[in-house]
Amino acid sequence: MSSDEESGRRGLMLVISSPSGAGKTTLARMLMDEFADVVLSVSGTTREPRPNERHGVDYHFKSDAEFREMIAERAFLEWAKVFDHYYGTPRADTVQHLEAGNDVLFDVDWQGADALHDQMPNDCVSVFVLPPSIEALEARLSARLGSTPEIVARRMRDAKAEILHWRRYDYCIVNDDLAEAYAKLRRILLVERTKRLREHGLEDHVRRLLGEL
Ligand code: ADP
Ligand code: 5GP
C-alpha cells in the first residue's frame with residue numbers, strides 16, 4: 001500500500017487544454033501509462049471518430065439527438081460547442097473516482113476548463129499545453145491520422161483564439177521536447193497530490209497529536 005492510500009488521499013481533477021495538435025492527448029496518455037490511479041474522463045462528442053479512435057475509450061460518439069438528450073438529463077458536468085461539434089464531460093463517475101483517491105484527467109477546451117473550475121474549484125488543477133512554434137503546431141496537425149487540409153486549416157485558424165486563454169491556467173507547459181514536457185507534467189501531478197486539502201488522513205493525524213482521538 002502506498003503512503004497516498006494510507007492517508008486517504010482525495011483525487012484531483014487535472015484539466016488539460018491546448019490548441020488542437022499541441023500534444024495534450026499524448027501527454028495525458030503518458031501519465032495514465034505511468035500511474036494506474038490516473039483515469040481519463042471520456043467525453044461525449046458529436047464529431048466523427050478518427051480512424052484510430054475507439055468508442056468508449058477516446059470518446060463516447062453521439063448523434064446530435066443523443067447529445068441533446070444528455071444535456072436535457074443534466075448528464076454533463078459541462079458541455080461546449082468546439083469547432084463545429086458538441087463536446088461534453090459526463091457527470092457520472094467523476095465524484096466516485098475522486099473519493100476513491102483516483103485522479104481524473106480532463107482533455108477539454110478553455111470553456112470546459114472554466115466550467116469545471118467553477119463547479120469544483122478545490123478539486124481542479126489546470127494545465128495549458130503550448131506548442132514550441134506555430135509551424136510545429138501545423139506540422140503536428142498535418143501528421144495526425146485522419147487529418148485533411150481543411151481540418152488543419154480550420155484548427156490553425158482557431159489555435160490563436162485558444163492560446164489567448166493561457167493566463168487562466170495554473171500551469172503552462174511548452175511541449176517542445178516530449179520527454180521534458182512530460183517530466184514537468186509529472187512534477188505538477190506529484191506536488192498537487194500533496195496539497196493539504198487532498199490528504200484526508202491529516203485530519204485524524206493532527207487530532208491524535210492534539211490528544212483529541
Ligand atoms: P492534442 O491532443 O493536443 O490535439 P496530440 O497529442 O494528438 O495533440 O498530438 C498531435 C500530434 O503531435 C500527434 O501526432 C503526436 O504524436 C505529436 N506530438 C505530440 N507531442 C509532440 C512532441 N513533443 N514532439 C513532436 N510531436 C509531438
Ligand atoms: P478533438 O476533436 O481534437 O478531439 O477535440 C477538439 C477540442 O474539444 C479540444 O480542444 C478538446 O480539448 C475539446 N474537448 C474535448 N472534450 C471536451 C469536453 O468534454 N468539453 C469541452 N468543453 N471540450 C472538450
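The values are calculated or read from the model by the stated rules, or taken from the named source; none is laboratory data. These numbers were taken from a predicted model, which means no experiment stands behind them. Note that each Cβ is placed from the backbone with ideal geometry, even for glycine, and that neighbours are counted across all protein chains shown. All accessible areas refer to the heavy atoms of the entire protein, side chains included, with ligands and DNA or RNA removed. Shrake-Rupley method; radii C 1.70, N 1.55, O 1.52, S 1.80 Å.
Of everything in region 175-191, what is free of Cβ contacts under 8 Å to residues at least 60 places away in the same chain, surrounded by 13 or more Cβ atoms within 10 Å (Cβ to Cβ) and not in a helix (DSSP H, G or I)? Give them in sequence order.
Once the filter is applied, which keeps residues that are free of Cβ contacts under 8 Å to residues at least 60 places away in the same chain, surrounded by 13 or more Cβ atoms within 10 Å (Cβ to Cβ) and not in a helix (DSSP H, G or I), region 175-191 yields only Asp176.
Which residue out of Pro132, Pro121, Pro90 is in contact with an Asp or Glu (Cβ under 6 Å, 6 or more places away or on another chain) and surrounded by fewer than 19 Cβ atoms within 10 Å (Cβ to Cβ)?
Sole residue among the options that is in contact with an Asp or Glu (Cβ under 6 Å, 6 or more places away or on another chain) and surrounded by fewer than 19 Cβ atoms within 10 Å (Cβ to Cβ): Pro132.
Conditions (1) over 17 Å from Lys24 (Cα atoms); (2) of a type outside the set (Lys, Arg); (3) outside any strand (DSSP E or B), marked per residue:
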| residue | (1), (2), (3) |
| --- | --- |
| Leu116 | yes, yes, yes |
| Ala136 | no, yes, yes |
| Leu145 | no, yes, yes |
| Ile173 | no, yes, no |
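State all residues of region 43-74 that are more than 12 Å from ligand 2 (Cβ to nearest atom) and in contact with a Lys or Arg (Cβ under 8 Å, 6 or more places away or on another chain); if no residue qualifies, say none.
Correct list: Arg74 only.
Is there any pair linking a residue in region 145-161 that is under 15 Å from Val82 (Cα atoms) to one that is at pLDDT below 90, with Cβ under 7 Å and at least six apart or on different chains, and which?
Cβ pairs passing all conditions: Arg154/Phe83; Asp158/Phe83.
Please specify each residue of region 147-171 satisfying the condition of being assigned to a helix (DSSP H, G or I) and either open to solvent by 70 Å² or more (accessible area, probe 1.4 Å) or not aliphatic (A, V, I, L, M) (or both).
Across region 147-171, the qualifying residues are Pro149, Glu150, Ile151, Arg154, Arg155, Arg157, Asp158, Lys160, Glu162, Trp166, Arg167, Arg168.
Just to be sure before I move on: is Ala143 within 15 Å of Ser20 (Cβ to Cβ), open to solvent by 40 Å² or more (accessible area, probe 1.4 Å) and within 16 Å of ligand 1 (Cβ to nearest atom) in the structure I sent?
Answer is yes for this residue.
So in region 39-79, with the set limited to residues that are under 17 Å from the mean Cα position of the chain (by Cα) and within 16 Å of ligand 1 (Cβ to nearest atom), which one is farthest from Arg186 (Cα to Cα)?
Among those residues, the one meeting the criterion is Thr45.
Report, by residue number, each residue of region 192-212 that is more than 18 Å from Leu98 (Cβ to Cβ) and either charged (D, E, K, R) or in a helix (DSSP H, G or I) (or both).
Asp204, His205, Val206, Arg207, Arg208, Leu209, Glu212
Mind counting the residues in region 167-206 that are within 18 Å of Asp114 (Cβ to Cβ) and touching a Leu at 6+ places or on another chain (Cβ under 7 Å)?
Going through region 167-206 one residue at a time, the tally reaches 1.
Checking Asp109 against (1) closer than 27 Å to Ile163 by Cα; (2) away from ligand 1 (no atom under 16 Å from the Cβ); (3) open to solvent by 10 Å² or more (accessible area, probe 1.4 Å), which single condition isn't satisfied?
The failed condition is (2).
Provide a single number: the residues in region 30-61 that are closer than 19 Å to Asp93 by Cβ and loosely packed, with under 13 Cβ neighbours inside 10 Å.
Residues that pass the stated criteria total 5.
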